[in-house]
């Protein structure tokens, strides 16, 4: 397996197609067949290193290329980023990194830029350590380059938090997150799962925000290969996401609606909180995802759920009214930029406003299906005000029967991330998990 060529193909495809990073990596690794694990690991490491440090790498490369980077052929820029990552982050010997980059260019669409690549990388190898970051310390421009997040996203975070906290948030995003899972209490206790997984991880720790969550350190290979997955004893899920389901306050015997079920991570958790007693309707418009959702719920031993393939906005009262409604809304996904660094470069500022319209429509649809006295949880895995606070405010204005209301007893330790402003926010530098936002509403009796 040529690790650099595989990484090159993944990174270039990310620039040119809407396919998810995980799908592209799976494609490349499946091509490699029985390639040594070392080569496969290098390809993955190269991809993630470039994505986690892309803006900083571009700042360095820009100091040694005579033309603006946006004018470069995407294939040439991809080779430059890979080599710059090897020289400055992975500490590959300079001569080896430059030679490998030129050979990679020869074998790819970057071949016409061999001369530029060779000259720029030789100069970068000699002088990159002297390149100064832009802007004064603590400025949005400096933070964006130092921690490789889009400038507009850094500015958004600075509107919410002091510069020191934003720097800590961004720094946390730069670290490789540990494997995280939620124990499926329909089939196992946290203690039983911990004992089962002990031989596959160097460290296992519970998470303070979510009682069923475990973080695993020193795990080799994909999570689905860990003991207990096929038997449905656990679900791969960030602790912040596990905390969200608890915030809704679902319990045995209730009618519960998961309006945007997706792959069903939260659906499975709701079923466990309901102890498989009651009715759980999981709505998912995509045929492929709906099939995957059904398969996942079967693996987890969920018997109280029905999957309905429909757009949640179109649900009518023929489905009945519900005690609890979860609106895990489609969003920009910027809260998972540490776990999925490609998200940083795939989103634009205007995406938030577009998605906020969809989120409000889904929330209003959910509110219409809520019983008097019932509760609705609106949540996202993003950080923009347009998607989070502004959608919550718009929902209150549009649905006067709703009011903000938390069930702190049901939330348990998940309530630790509810702030003074009444919103739940998990933050990577504080809670050591992905960034989620949530607000719970109650319908008047």
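Only one residue in 28, 86, 22 is closer than 25 Å to residue 339 by Cα and out of contact with any helix residue (DSSP H, G or I) (no Cβ under 9 Å at 6 or more places or on another chain), so which one is that? Every option except 22 fails the conditions.
What helices (runs of 4 or more DSSP H), lying completely within segment 74-166, carry at least 1 residues that are at positive phi, surrounded by fewer than 15 Cβ atoms within 10 Å (Cβ to Cβ) and modelled with pLDDT under 95? Walk me through how you get there before you give the answer.
Details: elements: 74-88, 94-106, 114-127, 140-147, 151-158.
Passing ranges: none, list empty.
Residue 211 falls short on exactly one of the conditions (1) closer than 20 Å to residue 430 by Cα; (2) without any contact (Cβ under 8 Å) to a residue 12 or more places away in the chain, and that condition is (2). Select from segment 392-421 the residues that are in contact with a strand residue (DSSP E or B) (Cβ under 7 Å, 6 or more places away or on another chain) and closer than 23 Å to residue 154 by Cα and list them in ascending order. 392, 417, 418, 419, listed by residue number.
Which one of 231, 277 is surrounded by fewer than 18 Cβ atoms within 10 Å (Cβ to Cβ), outside the structural domain of residue 352 (by TED's automatic domain parsing) and either in a loop (DSSP other than H, G, I, E, B) or touching a helix residue (DSSP H, G or I) at 6+ places or on another chain (Cβ under 8 Å) (or both)?
On the way: 277 fails: outside the structural domain of residue 352 (by TED's automatic domain parsing).
So the residue among 231, 277 that is surrounded by fewer than 18 Cβ atoms within 10 Å (Cβ to Cβ), outside the structural domain of residue 352 (by TED's automatic domain parsing) and either in a loop (DSSP other than H, G, I, E, B) or touching a helix residue (DSSP H, G or I) at 6+ places or on another chain (Cβ under 8 Å) (or both) is 231.
For segment 219-228, name all the residues that are touching a strand residue (DSSP E or B) at 6+ places or on another chain (Cβ under 6 Å), at pLDDT below 95 and part of a loop (DSSP other than H, G, I, E, B). The one that is touching a strand residue (DSSP E or B) at 6+ places or on another chain (Cβ under 6 Å), at pLDDT below 95 and part of a loop (DSSP other than H, G, I, E, B): 219. Being surrounded by 17 or more Cβ atoms within 10 Å (Cβ to Cβ) and in contact with a helix residue (DSSP H, G or I) (Cβ under 8 Å, 6 or more places away or on another chain) is the filter; apply it to segment 347-357 and report the residue that is farthest from residue 316 (Cα to Cα). This residue is 347. Take the conditions surrounded by fewer than 24 Cβ atoms within 10 Å (Cβ to Cβ), in a helix (DSSP H, G or I) and touching a helix residue (DSSP H, G or I) at 6+ places or on another chain (Cβ under 7 Å) and apply them to residue 246. Does it pass? The answer is yes for residue 246.
When you check residue 70 against the structure, is it assigned to a loop (DSSP other than H, G, I, E, B), free of Cβ contacts under 8 Å to residues at least 60 places away in the same chain and closer than 30 Å to residue 159 by Cβ, yes or no?
Criteria not met by residue 70.
Applying a threshold of 8 Å to beta carbon distances and a minimum spacing of six or more residues, or different chains, the list of pairs starting in segment 161-173 at a residue that is without any contact (Cβ under 8 Å) to a residue 40 or more places away in the chain and ending at one that is in a helix (DSSP H, G or I) and surrounded by fewer than 19 Cβ atoms within 10 Å (Cβ to Cβ) reads 166/158.
To keep it simple, each residue is scored yes or no on (1) modelled with pLDDT of 90 or more; (2) surrounded by fewer than 18 Cβ atoms within 10 Å (Cβ to Cβ).
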| residue | (1), (2) |
| --- | --- |
| 13 | yes, yes |
| 33 | no, yes |
| 36 | no, yes |
| 43 | yes, no |
| 49 | yes, no |
| 52 | yes, no |
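For segment 291-322, a residue qualifies if it is assigned to a helix (DSSP H, G or I), touching a strand residue (DSSP E or B) at 6+ places or on another chain (Cβ under 6 Å) and either in contact (Cβ under 8 Å) with a residue 24 or more places away in the chain or farther than 18 Å from residue 268 by Cβ (or both), and the qualifying residues are 293, 297, 312.
Among the residues of segment 167-213, those identified as surrounded by fewer than 19 Cβ atoms within 10 Å (Cβ to Cβ) and assigned to a helix (DSSP H, G or I) are 168, 171, 190, 191, 192, 194, 195, 196.
Restricting 410, 435 to those that are modelled with pLDDT under 95, in the same structural domain as residue 248 (by TED's automatic domain parsing) and surrounded by 15 or more Cβ atoms within 10 Å (Cβ to Cβ) reduces the list to 410.
Taking the condition surrounded by fewer than 16 Cβ atoms within 10 Å (Cβ to Cβ), under 30 Å from residue 317 (Cβ atoms) and either under 25 Å from the mean Cα position of the chain (by Cα) or not assigned by TED's automatic domain parsing to the domain that holds residue 438 (or both), does residue 368 pass? No: the conditions fail for residue 368.
Note on segment 249-274: residues that are in contact with a helix residue (DSSP H, G or I) (Cβ under 7 Å, 6 or more places away or on another chain) and not in a strand (DSSP E or B) total 16. Taking the conditions exactly as written (in contact with a strand residue (DSSP E or B) (Cβ under 9 Å, 6 or more places away or on another chain), at pLDDT 95 or above and under 22 Å from residue 160 (Cα atoms)), does residue 426 satisfy them or not? Spelling it out, residue 426 is indeed in contact with a strand residue (DSSP E or B) (Cβ under 9 Å, 6 or more places away or on another chain), at pLDDT 95 or above and under 22 Å from residue 160 (Cα atoms).
The values are calculated or read from the model by the stated rules, or taken from the named source; none is laboratory data. From a predicted model like this one, the values you see are computed outputs, not experimental measurements. All Cβ positions, even for glycine, are placed from backbone atoms using ideal geometry, and neighbour counts span all protein chains on display.
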